[in-house]
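Worksheet: the structure to be examined is printed underneath.
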Amino acid sequence: MADKWILQLCHGYSAPFGEVARQWRVLFKGTEYRVLTVFLTGVPDEQVKQLVGGDVMFLSYKSKDLRGMKIRQIRAIRKLHLKFQFCFAIAHRFKSIYIATHLPGVRVIGVSHAYGVYDRLLRKRYVMKRASNLRLVGVSNAIRDDARQALPRLPAAHIQTVYNHIDVDKIRIGQFTRKEARKHLGLAEGDFVVANVGRLHPDKDQATLIKAFAKVQPEIPGARLVIIGDGRLRPDLDRQIKELGMTEWIDLKGCVPEAYRYFSAFDVFVLSSNYEPFGMVLLEAMAVPVPVISSECGGAPEVLGDAGKFFPMGTSEGLAEQLVGVYREGRQRREMVADALHDRLQTLFSDEAVCQSFSTLRADWDCN
């Protein structure tokens, strides 16, 4: 029997979208469908191809090529449709949705990864014009509800949630031992390690984390803060650390390849973001597992549930209180909390769990 093809159309593969493409491809593992993943921008990359798996194509447009009416890109995708006869399409972000909805007779699942995607009037009108052949997805209930609010004329059932998800076994198998991870990161066995992984960007608000840690460091024996990631705020954060007199206890590690492999070194993971539609890094912490403290931001509360600990966004006092509380709970209690997070991950955010929930949604939307 001939393959039934699905088009997965992505703007590019910069993090986290290579992993996102993998997630959506595995939703069809074991089905009659075969997924062709097409990246509109970005040069061919073998590592990305291996990460996504299956059939991958790079069209190598520049970002500037995707401005305006995108006629060249629409023609290129229509040419692919003539060859593969796609049953339906998955499109990530609005530019990809716009292009995919120009395929005649092809149902499109448009995936939103951020707030405010449909706030623009022209986008609202375009979505309503294509409503009969378009279904929308948010990667969290927070993103789903944002889209529903922006598009009140679209039936709520046409805008659903499909969570981001991970290969739990891959994360756990890939972990260094606690001793190995700490050695790689220059940490002592007796340190109490607070960690953050993410871009050094205003959205991630590591400044609040640094301020909170400086407040509690004298109260927590062996406390160390490790921040993995790089970005334009590095000079500002370096300056903040020096002004607080914390250079001995706070390390900005920069980019660390396969950072997820070092999570076993952490005693507690902190997501300090003030903008976080979902928080993929939370799933990595939950897989290890590691206790998590998060700001009350975006999709984080629905990811962590009752097993997470939270503080109001941007409040160093609230975060400081949670840090001290986690330390005082003791290692046995922290391990119990981490196990609860891992159970939640397996139930809601593993590849297997989301595959099962999506199969029901796909049937409801009559994508066959």
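The values are calculated or read from the model by the stated rules, or taken from the named source; none is laboratory data. Bear in mind the structure is a predicted one, so any value in this text is a computation, not a measurement. With ideal geometry, Cβ positions are generated from the backbone for all residues, glycine too; neighbour counts draw on all protein chains shown. The accessibility values were calculated without ligands, DNA or RNA, using every heavy atom of the protein model including side chains. Shrake-Rupley method; radii C 1.70, N 1.55, O 1.52, S 1.80 Å.
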- Could you grab me the full set of residues in segment 4-14 that are in contact with a Phe, Trp or Tyr (Cβ under 8 Å, 6 or more places away or on another chain) and either open to solvent by 40 Å² or more (accessible area, probe 1.4 Å) or not hydrophobic (A, V, I, L, M, F, W, C) (or both)? Lys4, Gln8, His11, Gly12, Tyr13
- Just wondering, is there one or more residues in segment 196-214 that are touching a strand residue (DSSP E or B) at 6+ places or on another chain (Cβ under 6 Å), crowded, with 17+ Cβ neighbours inside 10 Å and within 24 Å of Asp339 (Cβ to Cβ)? yes
- Hey, can you tell me all the residues within segment 92-111 that are of a type in the set (Gly, Ala, Ser) and touching a residue at least 40 places away in the same chain (Cβ under 8 Å)? Ser96, Ala100
- Which residues, taken from segment 301-317, are more than 20 Å from Ala142 (Cβ to Cβ) and open to solvent by less than 20 Å² (accessible area, probe 1.4 Å)? Ser316
- Item | Where Asp119 falls short, out of the listed (1) surrounded by fewer than 15 Cβ atoms within 10 Å (Cβ to Cβ); (2) outside any loop (DSSP other than H, G, I, E, B); (3) under 24 Å from the mean Cα position of the chain (by Cα) | (2)
- Message: Of the conditions (1) within 30 Å of Val288 (Cβ to Cβ); (2) open to solvent by less than 40 Å² (accessible area, probe 1.4 Å); (3) not in a helix (DSSP H, G or I); (4) not hydroxyl-bearing (Ser, Thr, Tyr), Leu154 satisfies every one except a single condition; which number is it?
- Response: (1)
- Message: Which pairs turn up if I take residues in segment 112-127 that are at negative phi and β-branched (Val, Ile, Thr) and look for partners that are open to solvent by 30 Å² or more (accessible area, probe 1.4 Å) and in a loop (DSSP other than H, G, I, E, B) with beta carbon separation below 8 Å, at least 6 apart in sequence or on another chain?
- Response: Val117/Arg93
- Task: From Phe17, Phe28, grab the single residue that is touching a residue at least 24 places away in the same chain (Cβ under 8 Å) and either buried (at least 19 other Cβ atoms within 10 Å of the Cβ) or among the acidic types (Asp, Glu) (or both).
- Result: Phe17
- How many residues of segment 244-276 are out of contact with any Leu (no Cβ under 7 Å at 6 or more places or on another chain) and buried (at least 24 other Cβ atoms within 10 Å of the Cβ)? The answer is 5
- Identity of the residue in segment 286-300, in contact (Cβ under 8 Å) with a residue 60 or more places away in the chain and within 20 Å of Thr161 (Cα to Cα), that ends up least open to solvent (accessible area, probe 1.4 Å): Gly299
- Within segment 160-229, helices (runs of 4 or more DSSP H) holding 1 or more residues that are farther than 30 Å from Ser357 by Cα, modelled with pLDDT of 95 or more and in contact with a Lys or Arg (Cβ under 8 Å, 6 or more places away or on another chain): 178-185
